[in-house]
Structures are given as structure tokens and as C-alpha cells.
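Take a look at the structure set out below.
The values are calculated or read from the model by the stated rules, or taken from the named source; none is laboratory data. Nothing here was measured: the structure is a model prediction, and the numbers come from that model. Quick reminder, even Gly has a Cβ in these numbers, built from the backbone with ideal geometry, and neighbours come from all protein chains shown.
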Amino acid sequence: METTFRIRIQGRVQGVGFRPFVYREAITLGLVGRVSNNEAGVEVVVSGDRKKLETFYRRITLHAPPISRVVNCSFDEIPFEAAADFSIDASSKNRQLNLQLTPDFALCPDCFQDLINPENRRFGYPFISCTNCGPRWALTRTFPFEREHTSMQFFPMCTQCTEEYSNPTDRRFHSQTNSCHTCGISYWIADAQGLEIPLTDESVFQQLARLLSVGKIIALKNTSGYLLCCDATSAGSIKALRAKKQRPKKPFAVLYPSLEHLEDALPIGDAERQALQSPERPIVLLPTTHYHGNARLSEIAPGLNQLGVMLPYTGILSLLSRAFRKPLIATSGNIHGAPICFTESDARKKLAGTADYFFEHNLEIIHPQDDSVMRFASGGTIPILLRRARGLAPNFSKPVQSDRATGLMALGAQLKSSIGFIPNDFIYISEYLGNLENYDVYERFTKMVSGFISLFDKQPTALLTDSHPDYLSTQYGKDLSAELGIPCHQIQHHKAHFSAVLGENDLFSSPEPILGVVWDGTGYGEDGQIWGGEFFRYAKGSISRVGQLEYFDWLAGDAMSRNPQLSLFSLLDGDEGSIKDRFSPQAWKLYTQIKPANTLKTSSMGRLFDGVSALLGICDLNTFEGEAAMLLEAASSGYDMERANSLVSLDAQGNIPVRKLIREIKSQLEISGDTCQVAGDFIFTLAKLILEKAELESVAKIAFSGGVFQNALLVHLIRHLNPGTFELYFHRELSPNDENIPFGQLMYHLHCHS
């Protein structure tokens with residue numbers, strides 16, 4: 001008996017070849033009807049034999065295209081609708097959007113083969129794509145995902161591209177980013193003054209490779225923003241880029257031509273290999289202990305034992321890598337502290353003093369994004385996301401379960417800014433934006449807020465901000481709430497962190513209490529002090545602070561985060577004179593005067609890492625955020641677990657005795673002189689103290705958040721020392737750093753009452 005199903009599918013189902021996939025499945029089963037995108041995802045109205053319809057439903061929901069993600073699906077039996085065939089209908093939008101947005105995808109293997117095949121009509125065309133790959137979010141103005149809603153609308157398809165677009169057997173069937181040499185995007189090389197460089201008998205990419213080989217720096221307009229590129233095997237080129245970009249020590253990412261080239265240089269674990277080749281194609285940090293390639297590691301990542309690497313993820317990067325055939329520095333195209341450039345005019349203004357030449361094209365970028373960055377701990381079993389951007393933003397995988405959620409907008413923190421919004425059944429977390437103290441970052445932050453409101457055609461019903469009164473996100477939230485006439489709720493920074501990891505791991509309904517370990521640099525505490533080394537207890541909707549890193553003096557405001565020796569000065573109790581020679585006479589006089597009268601205290605674990613790094617002679621000055629902590633972790637490479645030494649226990653109040661810990665580290669260093677072992681013992685001690693605190697609190701579940709848990713050794717030791725009696729929960733989809741704060745603000749507001 002023939003009948004008709006109406007099937008609704010939500011999730012990441014637009015811009016991923018879902019409609020062509022549905023079409024082919026329907027034709028295979030001899031069904032008739034139609035499929036279309038709409039504001040809620042994909043809708044299918046299909047008629048035929050009931051058993052075939054049930055088979056069809058299972059196939060399209062359980063075996064969807066690999067880059068799609070089905071979150072919700074349902075079908076209703078409706079009055080029979082006759083049809084002559086099965087068709088893909090034009091998208092309709094009658095209501096507000098209620099679907100996951102489509103991120104950018106790396107070039108797929110099929111398109112890569114087309115790109116390098118001289119017999120293929122797209123040979124050497126850098127903007128190649130199909131339904132399985134290519135930019136999406138970077139080019140999207142609005143949804144449903146159709147060509148006219150993207151910046152591809154300005155490139156009408158030629159006859160051949162139109163034939164592919166209309167052919168159900170072609171993988172470019174209904175590919176909204178389809179183009180070729182004939183109808184597609186133009187590209188060229190210009191000098192620093194903007195004058196186009198004429199081609200000789202070389203291709204554009206051969207010419208770029210030649211320029212790179214003689215030490216030039218290229219500002220490369222990729223499909224999600226500019227990258228600054230130079231020869232990673234040339235110390236002189238890297239030094240020149242550092243000087244021009246005002247980035248003296250912060251590590252650069254390296255682009256390898258292929259996985260084979262990379263594996264010739266250093267070993268790669270299975271999880272790392274999978275991430276490097278994934279559709280998201282992030283930068284992955286790899287240990288360099290056994291590196292034997294020709295990239296200049298000492299210039300690329302000074303003092304570190306890890307290298308951020310990536311593989312080509314666009315046709316542009318693939319063609320450049322094939323022409324150059326050596327590793328390339330490929331770092332964000334920006335000036336120090338500013339967001340990534342994405343327009344030709346902006347790049348010309350800001351990068352002309354850095355780049356010698358520019359690779360340009362006339363495809364408009366709507367949503368610029370940095371590359372995502374990740375690493376792995378515990379032998380590749382625990383992913384740690386360091387920056388969440390291209391390929392991952394702006395979705396969160398799970399739908400929202402609460403009716404109270406709709407309309408909530410969270411404005412995050414300050415240093416690693418991002419935004420969260422719940423306009424419908426889903427949560428959207430923007431890409432990493434940067435430090436709001438930079439005017440350009442703040443401007444992009446405010447545009448992201450208005451862009452989300454416009455995209456979803458939904459005004460926020462309430463705003464959530466950090467409780468720090470001086471954060472620009474907090475001040476903006478107060479102003480916007482007054483303008484819109486909606487409430488603005490402030491949420492303590494570290495409780496937002498804890499709520500983020502609870503929400504990501506679905507722990508709010510846990511019948512058992514959970515210990516939260518939230519360690520980072522700074523956050524405004526409920527007692528007016530600077531928190532950052534906190535123990536929390538969650539039970540039945542309530543979060544309470546149950547321990548901390550013992551308070552020490554917060555001196556000289558933000559200068560303390562830039563000067564690890566100042567953290568050490570604060571941590572030394574009565575022994576400050578031992579480091580007098582590290583300060584100028586004027587600075588020494590100032591600090592010795594203000595410390596006795598200081599009333600502002602901190603429990604910052606980040607500043608403790610800084611102080612220990614300075615104590616061990618590893619880093620006295622942070623030239624970039626987190627440098628001292630990264631160098632401290634690198635210094636512990638080769639740590640001998642057989643000689644591990646736990647330096648302190650919790651004090652009588654269940655807190656971490658920081659001054660005693662500093663004295664023990666100083667004593668151990670004087671006795672052994674083994675910086676590696678003492679650095680490792682410090683991190684080993686922190687891991688032991690966490691488990692000791694869990695035993696003291698009689699909890700079996702421990703959840704971790706905050707930027708300190710980007711430290712792979714710390715995460716490894718926590719897992720290694722766990723006797724098996726504790727369940728450990730880490731971030732996996734979000735970064736442990738402040739990028740998770742808007743998500744945590746949303747989770748706290750929805751699930752907590754204190």
C-alpha cells in the first residue's frame with residue numbers, strides 16, 4: 001500500500017550534500033516526492049510503498065554523508081501525495097532559522113585529485129570544491145544554505161558547471177560553491193604598494209614559490225582570511241617575519257605539503273594523524289623530541305618541545321605547497337594583538353609593512369576565522385582544544401533541552417573572547433575573537449553580536465556577562481541591556497568555567513556531587529579578590545567554593561601577568577631579597593614598598609606557574625600570554641616518573657599551601673640542580689593535590705576547566721595517578737580556556753541557583 005511520509009531532519013544538514021544524498025536514495029528505492037532546505041534543516045515529502053519508505057528513512061538518518069551531523073529527525077504519515085518523480089526543490093524560509101550552521105570543510109581527496117590532474121578541467125584551479133568540501137561559514141550571509149545566500153552569488157556558473165550542478169550522478173550535484181577557471185574567482189599577485197605583478201611563463205603559485213625561496217614574506221588571502229607565509233627552513237626569513245610582526249618568541253604554525261612530508265620529519269600518533277586529515281583540518285601540536293626535518297625549530301618555537309603543524313586544507317594552500325615543496329610558516333595575517341585581516345583594503349593597510357607580496361582574489365569573505373588549534377595528552381587519548389575557530393565554529397553539537405533557554409545571549413570574558421547565543425533549539429558559540437582590549441577585536445565582537453541577532457532574526461531576551469566590572473564585554477552587556485530593555489545577569493568567571501565542563505559532559509543531572517577544579521590566570525572573585533586556583537563542589541543545582549590556592553599578593557595590576565619574576569617576588573615569604581638582582585633599583589624600591597601595604601590578593605594558578613618558571617630560571621618575562629607556563633612544561637620534558645616527588649599536601653583548611661610549595665621547590669632545586677625533575681615534580685604535586693582534594697570531599701567525579709588544563713603533562717599525570725576510583729571529565733568540544741566562558745554562562749543560568 002502506498003503512502004506519504006513527511007520527514008524532518010535537523011542538525012548539520014545544509015551545505016554538506018544532504019539533498020543530493022536524499023535524492024539518490026529515493027531514486028534507488030523507486031520513490032517519488034521532493035526534498036528541500038528550509039529554516040529548520042531538511043524536509044522530505046516522499047511517497048511510495050510503506051516498507052520502502054521505512055527503509056528510506058533509516059538510510060537517510062543513519063547513513064548520512066560523512067560531513068553531516070543528524071541531531072534530530074522525525075517523520076509523520078500525511079495524506080497521500082502523488083508525484084511524477086523525485087526532485088530537489090528550491091529552499092524556502094518562512095520562519096526564523098532553527099538549524100545548525102555549516103562550518104568550513106577541508107579539501108576532500110576527490111577534489112585534490114582533480115586539482116593536480118592535468119587532464120581535469122579544474123587542474124590548478126585554487127577554489128575547487130564539491131558537496132563534500134570547501135568554505136561554508138566563511139562565505140555565508142544567511143541560511144538556508146543556497147548560492148544566492150553566499151558570496152558565491154557573484155559568480156554565475158558556466159554551462160559545464162551548471163551541467164554538473166544538475167546531474168544527480170555528479171558529486172557537484174547541487175554544490176552551492178561550484179565554480180571553475182571559466183566562471184570562477186580571479187586571483188593575482190601584488191606588491192606591497194598594491195600593484196599587480198605580471199606573470200611570466202610561471203603559474204601564480206610557481207611565482208609565489210620562487211619569491212618564498214629568496215626569503216620574501218607573502219600575505220596570502222585564503223578563503224577564511226589572510227595568512228602570513230615564509231620559508232620555514234630559513235632562519236633569516238623567520239627572524240624577519242618576527243621583527244616585522246612584533247612577535248619575538250610566540251611560536252608559529254608550520255604548513256607541510258603532505259602527510260608524507262610531515263611523517264618524514266617526525267613520528268605522528270594515530271589520533272594526531274586523524275585530526276590532521278579531518279574535514280576540520282586544525283593545527284595540531286606535535287612533540288618534537290624525535291624531529292629530524294629541516295624546519296628551523298629554534299626560530300619557529302623558541303624553547304619549546306612541540307611544533308604546531310597543519311596540512312593544506314584549501315586548493316590555494318595545496319597548490320602553493322606543491323609548488324614550494326618545503327614546510328612553510330603559515331601564521332595568522334594580522335598585526336600584534338589584532339584580529340585576522342580578511343579584506344584587501346584592511347590587509348594593505350595593516351600588513352604592508354610586514355609582507356613583501358600579496359596573493360589576492362575577488363571572493364568576498366563574510367566570516368573571517370583563524371585556524372583551530374589542538375593537542376593531545378595521555379598518549380593521544382585526550383584531545384585538548386587550544387583555539388576553536390575554522391572548521392568547528394559556530395556550532396555546539398548538542399541541542400538545547402530547556403524552554404527557558406530561547407533568547408539567551410552570553411557575552412563571555414575579555415582575553416579570549418567569544419559569544420554564545422540560543423536563538424532556537426541549538427547553541428551557537430562563535431569562533432575565537434581575541435582580546436577585547438584591542439579596538440579591532442572589540443569592533444569584531446560587537447559586529448558578531450549584531451550579526452547573530454540579524455542572522456537568526458531574534459532579539460535576545462536576556463544577556464549574560466562576566467562579573468568583572470571592568471571587562472569590556474560586561475560593560476557592553478550593561479549598555480546593550482539598557483538599549484534593548486532586557487535583563488543582564490552577571491556570572492562569576494570560574495563558576496562559568498565549571499558550568500561549561502559540567503554542561504559539555506551532561507553532568508547537571510548527576511545524583512552524586514562533583515568536584516570542580518578550575519585553574520586559570522585571573523577572574524574576579526565573589527570576595528573582591530583575584531581568583532584563579534579554585535576547587536568547587538556541585539550538587540543539585542548548587543555550586544559552592546570548597547578550596548583554593550592559598551592567597552598571595554596581587555601586585556602592580558596587569559604588570560604581574562607580564563612579569564613572572566613579579567609573581568615570584570609575591571610568592572616568596574620573607575625571602576624576597578634572594579631575587580633582588582632581577583629588578584632595577586627603581587622597581588625594587590617600588591615593589592618592596594607596596595607589598596607590605598597591599599590588600600588585593602590572588603589565588604591564581606596561572607601566576608603560580610609564572611612564579612615557578614621564574615624560580616627555576618626558565619622565564620622572567622612573558623612576551624606572549626602563557627609563555628612562562630609553556631616553557632615550564634617544555635622544561636619538564638624527560639621527567640622521570642620513577643623519581644617523582646610530591647612536594648606538599650593540602651593544609652588544614654583543604655587549600656593548597658602555596659608559600660610552602662615555593663619553599664620546597666626552591667629547596668629541591670638547591671639540592672639537586674635538576675630543573676627538569678623539579679619542574680616535573682611541581683606539576684606532579686598539583687595532580688596529586690587534586691586527587692587528595694577529591695578524597696577529602698568524598699567525591700567520585702572530578703571535572704576540570706580553565707586555561708591551565710591546556711597543559712598536556714598535567715592532564716596526563718591526573719589520569720596516570722587516578723587509582724581508578726575517580727571519574728574524570730575534561731573539555732572535548734570546547735577549549736578549557738576562556739573561549740568556553742559564554743557556554744558556561746549559558747549553562748550556569750539554565751541549571752544553577754547559586
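For Val546, are the conditions met, namely being surrounded by 18 or more Cβ atoms within 10 Å (Cβ to Cβ), β-branched (Val, Ile, Thr) and more than 30 Å from the chain's Cα centre (by Cα)? Don't jump to the end; show me each part of the working.
Values: surrounded by 18 or more Cβ atoms within 10 Å (Cβ to Cβ): yes; β-branched (Val, Ile, Thr): yes; more than 30 Å from the chain's Cα centre (by Cα): yes.
Judged against the criteria, Val546 is a match.
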Seminar exercise, completed: Considering only strands (runs of 3 or more DSSP E) wholly within the stretch 29-100, the ones with at least 1 residues that are out of contact with any helix residue (DSSP H, G or I) (no Cβ under 8 Å at 6 or more places or on another chain) and surrounded by 16 or more Cβ atoms within 10 Å (Cβ to Cβ) are 32-38, 41-49, 69-78
For this session: Kindly list, by first and then second residue, each pair from a residue in the stretch 633-659 that is surrounded by fewer than 14 Cβ atoms within 10 Å (Cβ to Cβ) to a residue that is assigned to a loop (DSSP other than H, G, I, E, B), limited to pairs with Cβ atoms under 6 Å and residues at least 6 apart or on different chains.
Result: Asp651/Pro657
For this session: Would you mention how many residues in the stretch 203-224 are within 26 Å of Phe155 (Cα to Cα) and either in a loop (DSSP other than H, G, I, E, B) or not assigned by TED's automatic domain parsing to the domain that holds Asn362 (or both)?
Result: 4
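Looking only at residues that are among the acidic types (Asp, Glu) and more than 33 Å from the chain's Cα centre (by Cα) in the stretch 28-59, which one is nearest to Ser91 (Cα to Cα)?
Taking the stretch 28-59 first, the residues among the acidic types (Asp, Glu) are 39, 43, 49, 54.
Now restrict to residues that are more than 33 Å from the chain's Cα centre (by Cα): 49, 54.
Numbers: Asp49: 27, Glu54: 25 Å.
If we take residues in the stretch 28-59 being among the acidic types (Asp, Glu) and more than 33 Å from the chain's Cα centre (by Cα), then Glu54 is nearest to Ser91 (Cα to Cα).
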Seminar exercise, completed: Every listed condition ((1) in contact with a strand residue (DSSP E or B) (Cβ under 6 Å, 6 or more places away or on another chain); (2) under 22 Å from Phe552 (Cα atoms); (3) buried (at least 19 other Cβ atoms within 10 Å of the Cβ)) holds for Val699 save (2)
For this session: Among the residues of the stretch 325-359, write down those that are hydroxyl-bearing (Ser, Thr, Tyr) and either in contact with a Pro (Cβ under 7 Å, 6 or more places away or on another chain) or part of a strand (DSSP E or B) (or both).
Result: Thr331, Ser332, Tyr357
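Would you confirm whether any residue within the stretch 139-155 is farther than 30 Å from Lys458 by Cα and outside the structural domain of Ser345 (by TED's automatic domain parsing)? It would help to see each step written out before you state the result.
Start the filter on the stretch 139-155 by keeping residues that are farther than 30 Å from Lys458 by Cα, which leaves 155.
Those left that are additionally outside the structural domain of Ser345 (by TED's automatic domain parsing): 155.
Yes, the stretch 139-155 contains at least one residue that is farther than 30 Å from Lys458 by Cα and outside the structural domain of Ser345 (by TED's automatic domain parsing).
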For this session: Select, from Lys244, Lys249, the only residue that is charged (D, E, K, R), under 24 Å from the mean Cα position of the chain (by Cα) and closer than 27 Å to Gly337 by Cβ.
Result: Lys249
Problem set entry | Criterion: outside any strand (DSSP E or B) and under 30 Å from the mean Cα position of the chain (by Cα) - qualifying residue of Leu566, Leu590, Leu555, Leu608 | Leu608
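Would you point out the residue of the stretch 660-685, among those that are among the acidic types (Asp, Glu) and surrounded by fewer than 20 Cβ atoms within 10 Å (Cβ to Cβ), that is nearest to Gln548 (Cα to Cα)?
Glu664
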Exercise. Is it the case that the stretch 259-273 has a residue that's within 18 Å of the chain's Cα centre (by Cα) and part of a loop (DSSP other than H, G, I, E, B)?
Worked result: no
For this session: Just give me the residues in the stretch 143-175 being in contact with a Cys (Cβ under 7 Å, 6 or more places away or on another chain) and in a loop (DSSP other than H, G, I, E, B), in sequence order.
Result: Phe155, Pro156, Met157, Cys158, Arg171, Arg172, Ser175
